[in-house]
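Right, one structure below, let's go through it.
Just so it is clear, none of the values below were taken in a lab; they were calculated from the coordinates. Note that the structure is a prediction, hence the values are computed from the model and not measured. Using ideal geometry, Cβ is built from the backbone for each residue, glycine included, and neighbour counts are taken over all protein chains shown.
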Amino acid sequence: MEICRTVNELTNTIEQVKQQHKTIGIVPTMGALHEGHISLFKRARAENDIFVSSIFVNPVQFNSNEDFEKYPKSEDEDLAILEQNGCDIAFVPTAEEVYKGETLEHWSFGSLEEVMEGKQRPGHFSGVANIVSRLFTWTKADRAYFGEKDYQQIMIIKDMVRQMESKIEIVSCPIYREEDGLAASSRNKRLSKEARTIAPKIHEILTKSYSQKEFLSLTQIKSFVESEFKKYNEFELEYFILADGDTLQPVRIKEQSQNIIGFVAVWLDGVRLIDIQKY
Ligand code: PAF
């Protein structure tokens, strides 16, 4: 595995790969790698000649300095995981290297970013687009792999690719869940032991609501989920929204969409967790 720390090193390596007409798959990450990332690595490894990954805790996508400072960092472990999973090129830059004092681009995604994570975390998706667009340009990747836990992020990145007029294929991969149902996330590492035992309730509540979907209206599903979260003092529900999976706009009646998804953001033990449920 080649480790590139500068953009120059990366683009020179990519140039050699492209001269050999090899396909490139990228998995962008912020490190603190877990099984969810590994499931993406396996796909990228299997579907491309060259598998590239990046480890970069992108400061411009965080809304709070505290969240940025507390983001788990484990570079040596992460590089070992990449190596074990057949990564060819690891890009591990500093923030200075990525942004070089340039002014940030301002990305807009219209109604896709006016809801849920975009609404709750102003500027977040523009920050994501600033790093992901650079990674796509520098790596000349043919495919990029993202996990569906961050469903809205995938929709935003697809729109970014359209705006860039890029041909890169965005591959949306199923959520990797721990045995108890908790969606894998780097933030899970920040949960106390007690909070970790409660965290699987998020998926449990959502699947319980799914099992009743034939009998309940969307308003009733929403009330059911909200009242289930209220049963646990440890949870502070930020939102539960039923929305169309293509437009991300909220839906009120089942007839409004063939692709209804429930999106949840909830606080537990000072950690903000998100998950989704397809209905
Ligand atoms: O999903 C993430 O980990 C990040 O948002 C990403 C795509 C690596 C950009 O920093």
- Message: Being over 26 Å from LEU40 (Cβ atoms) and hydrophobic (A, V, I, L, M, F, W, C): is that true of ILE221 here?
- Response: yes
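Name the residue that is farthest from ALA144 (Cα to Cα), counting only residues in segment 35-83 that are small (Gly, Ala, Ser) and buried (at least 16 other Cβ atoms within 10 Å of the Cβ). Talk me through it step by step, then tell me what you get.
Pass one, segment 35-83, residues small (Gly, Ala, Ser): 36, 39, 44, 46, 53-54, 64, 74, 80.
When the remaining residues are screened for being buried (at least 16 other Cβ atoms within 10 Å of the Cβ), the result is 36, 39, 44, 53-54.
Values: GLY36: 15, SER39: 13, ALA44: 8, SER53: 10, SER54: 11 Å.
Once the filter is applied, the top-ranked residue is GLY36.
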- Return yes or no: is ILE131 within 11 Å of the ligand (Cβ to nearest atom), without any contact (Cβ under 8 Å) to a residue 24 or more places away in the chain, farther than 20 Å from ASN188 by Cα and part of a helix (DSSP H, G or I)? no
- Message: Just to be sure I understand the filter: pairs with C-beta atoms under 8 Å, separated by 6 or more residues or on different chains, first member in segment 11-34 and surrounded by 14 or more Cβ atoms within 10 Å (Cβ to Cβ), second member in a loop (DSSP other than H, G, I, E, B) and of a type in the set (A, V, I, L, M). Which pairs pass?
- Response: ILE24/ALA141; GLY25/ALA141; ILE26/ALA141; MET30/VAL57; GLY31/VAL57; HIS34/ALA184
- Note on the structure: Filter segment 46-67 for residues that are outside any helix (DSSP H, G or I) and hydrophobic (A, V, I, L, M, F, W, C); the one that is farthest from the ligand (Cβ to nearest atom) is ILE50
- Considering each of LYS230, LYS213, LYS222 in turn, give the residue that is surrounded by fewer than 16 Cβ atoms within 10 Å (Cβ to Cβ), over 23 Å from ILE154 (Cα atoms) and charged (D, E, K, R). LYS230
- Which of the residues belonging to segment 177-201 are within 16 Å of the ligand (Cβ to nearest atom), among the small types (Gly, Ala, Ser) and in contact with a strand residue (DSSP E or B) (Cβ under 8 Å, 6 or more places away or on another chain)? ALA183, ALA184, SER185
- Note on the structure: With the first residue restricted to segment 151-176 and required to be under 19 Å from ILE38 (Cα atoms), and the second required to be of a type in the set (Ser, Thr, Tyr) and surrounded by fewer than 20 Cβ atoms within 10 Å (Cβ to Cβ), Cβ contacts under 6 Å at 6 or more apart or on different chains are ILE154/SER172; TYR176/SER39
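Tell me the residue from ASP159, ASP150 that is within 21 Å of THR247 (Cβ to Cβ), buried (at least 17 other Cβ atoms within 10 Å of the Cβ) and away from the ligand (no atom under 13 Å from the Cβ), please. Working first, answer last.
Values: ASP150 fails: away from the ligand (no atom under 13 Å from the Cβ).
The conditions single out ASP159.
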- Task: Go through segment 202-221 residue by residue and tally those that are in contact with a strand residue (DSSP E or B) (Cβ under 6 Å, 6 or more places away or on another chain) and farther than 24 Å from SER185 by Cα.
- Result: 1
- What single numbered condition from (1) over 19 Å from LEU273 (Cβ atoms); (2) surrounded by 19 or more Cβ atoms within 10 Å (Cβ to Cβ); (3) away from the ligand (no atom under 12 Å from the Cβ) fails to hold for SER108? (2)
- Query: Can you tell me which residue in segment 25-45 is farthest from LYS140 (Cα to Cα), limited to those that are part of a strand (DSSP E or B) and either of a type in the set (Lys, Arg) or within 13 Å of the ligand (Cβ to nearest atom) (or both)?
  - Reply: THR29
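Which residues, counting only those in segment 162-176, are of a type in the set (A, V, I, L, M, F, W, C), assigned to a loop (DSSP other than H, G, I, E, B) and more than 13 Å from the ligand (Cβ to nearest atom)?
ILE168
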